[in-house]
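Below: the structure, in structure tokens.
The values are calculated or read from the model by the stated rules, or taken from the named source; none is laboratory data. Since the model is a prediction, treat every value here as computed from it, not as a measurement. Cβ atoms come from the backbone with ideal geometry, glycine included; neighbour counts cover every protein chain shown. Quick note on the areas: whole protein, heavy atoms, side chains included, nothing else; ligands and nucleic acids left out. Shrake-Rupley method; radii C 1.70, N 1.55, O 1.52, S 1.80 Å.
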Amino acid sequence: MAATPSGDAVLLIRSMIAAAYADGRLDEDERRRIMERLAGVGLDYEERRFIEEQLAAPPDLDEIVSRINTPALARQVYTASLLAITVDTPAERDYLKSLARRLYLSDAMVASIHAELGLASI
């Protein structure tokens, strides 16, 4: 049986991919950025193949949000989403604002995440 990331790891991967699709498409820079972020965790062949399959289509944001069961996980999902993209379009800014609202993250929490990553607030 193929090894695939499990539980929260899959949720975070899907969050990154959903953010990359925020403007309607996944470009090569976004794909590369996601794979570089995930390479640091030492993916094996099967895990890499699983991620490549996930990159083929945008994940369902409703499904992602429905699986968030703690404030810490909500913060991780937002952070992973933010790390996956360069926020340079209105669609990406709107996506992150909507995601923060759906995850019940306060404006202060969102600002804190951006500051910790050295990124401008949206």
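Side notes on the structure shown:
- For segment 1-76, the set of trypsin sites (Lys or Arg not before Pro) satisfying both a DSSP loop assignment and a count of at most 10 other C-beta atoms within 10 Å is given as Arg25.
- Taking 19 Å as the cut-off, the amide N atoms of segment 13-31 that come nearer than this to a point 7 Å along the Cα-to-beta-carbon line of Lys97 belong to 19-24.
- Choice from Ala80, Ala56, Ala111 showing the highest fluctuation, given a GNM over the chain with Cα pairs closer than 10 Å: Ala56
- Apportionment of accessible area to carbon and sulfur, the chain, percent (1.4 Å): 52
- Exposure rank, largest accessible area first [Leu55, Leu12; 1.4 Å]: Leu12, Leu55
- Answer label, with semi-axes √(5λ) of the Cα gyration tensor in Å calculated from the coordinates and candidates (1) 25, 17, 13; (2) 19, 17, 14; (3) 23, 16, 13: (3)
- Average accessible surface area per residue within segment 1-95, 1.4 Å rolling probe, Å²: 53
- Other residues within the sphere of radius under 12 Å centred on the Cβ of Val41, judged by their own Cβ, net out at -1 (K and R +1, D and E -1).
- The local environment of Ile113, defined by Cβ-Cβ distances under 12 Å, has a net charge of -1 under the rule Lys, Arg +1 and Asp, Glu -1.
- If the chain linking Ala108 and Leu43 were pulled fully straight, counting 0.36 nm for each residue of separation and taking away their Cα-Cα distance, it would gain 20.0 nm.
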